[in-house]
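Worksheet for the structure shown next.
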């Protein structure tokens, strides 16, 4: 086909005639089919990915958490290796102190809560049955409490089984803790070298990318780092702050198992919007079993902590660096929670933030190509991709 007979659509796709489009689509289908048929070849890759994904994710979280402090020390004439080493020494010391002083207390509280919770649920079931007897709410409330009991029984049985296996023998302990130990040992090692040689690592990755695409890669990397790094670092700091404030409040009003409940609050706080609701349920049940007055006081403490978080802590720590609408966050959590379980609830927002950066970049490239071939009919705006333009959206 002569060049003058080429349509803009064919030139837009990059081929010389319609046959190019059909062949390209056919070959794509054949490639997908072949890869599906020989999928077993890639199973080792899946095993490797599953093995390293946990340590890498934890290492990236620790990197984003400590890198600002390392950079600050470096600006104040402290060599990077010394700053990283000092941070790790302090961190190890704090962990050792926590294991010696805090863990035994928390262990007693956790065991006590696991033993007492079934009785709490029985008492709450009786109270609800008496209060809403023969009403429209009796059955829905009974079903809800039954589901909560099943959920807690499942968790407590898992914890009990884990603890019982852990004391059966050294070999069982090793086999039980292998996955956890792998993450907890390798992640700090990865973090150490990433903090020490981060510029060398990023320069190496950039050197692999073809020179033509390096500037775009730097923009995409900087945008992802700003989005994901700010979110992970901020969410961890917010969770720690919420856990400490909740513990202080619960301790002042003498809520039973205040330490364990505060840890639950802090851990679930990493899940936006949904986490506080999840953590409120066990705290409310424990408080109700003490007295209705304790429930009121616990609720007041809860509301104060959540208001402090919403109006003071989160705005100061998180800022407005995460370009994700709150409604989108809820939808992402629902979808990722269903697809990936707890992992999806915790890391669903960072995964979405990364995907959004890539999709935005690719769509802007598409708009540039469209303007090149169809610009005479009206051009797209905002075709340039940069960190500043993306974050200003």
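The values are calculated or read from the model by the stated rules, or taken from the named source; none is laboratory data. Quick caveat: nothing in here was measured; it's all calculated off a predicted structure. Here the Cβ is made from the backbone with ideal geometry for all residues, glycine too, and neighbour counts use every protein chain on show.
For segment 292-301, the candidate set comprises residues that are closer than 15 Å to residue 250 by Cβ and out of contact with any helix residue (DSSP H, G or I) (no Cβ under 6 Å at 6 or more places or on another chain); within that set, the residue that is modelled with the lowest pLDDT is 293.
Just one of (1) closer than 21 Å to residue 330 by Cβ; (2) in contact with a helix residue (DSSP H, G or I) (Cβ under 8 Å, 6 or more places away or on another chain) fails for residue 286. It is (1).
In segment 336-388, what residues are under 17 Å from the mean Cα position of the chain (by Cα) and exposed (fewer than 13 other Cβ atoms within 10 Å of the Cβ)? Within segment 336-388, 338, 339, 341, 342, 355 meet the criteria. Before we move on, is residue 207 more than 30 Å from residue 260 (Cβ to Cβ) and either under 14 Å from the mean Cα position of the chain (by Cα) or loosely packed, with under 14 Cβ neighbours inside 10 Å (or both)? Yes: the conditions hold for residue 207. Within segment 258-270, being assigned to a loop (DSSP other than H, G, I, E, B) and surrounded by 22 or more Cβ atoms within 10 Å (Cβ to Cβ) holds for one residue alone: 269. Candidates are the residues of segment 320-346 that are within 14 Å of residue 224 (Cα to Cα) and out of contact with any helix residue (DSSP H, G or I) (no Cβ under 6 Å at 6 or more places or on another chain); the one that is modelled with the lowest pLDDT is 323. If you go through segment 233-256 and pick out every residue that is in contact (Cβ under 8 Å) with a residue 60 or more places away in the chain and surrounded by 22 or more Cβ atoms within 10 Å (Cβ to Cβ), you end up with 2. Exactly one residue among 49, 42, 66 is at pLDDT 75 or above and either under 30 Å from residue 79 (Cα atoms) or assigned to a loop (DSSP other than H, G, I, E, B) (or both), and that residue is 66. Taken together, the criteria place residue 230 among residues that are at negative phi and modelled with pLDDT under 85.
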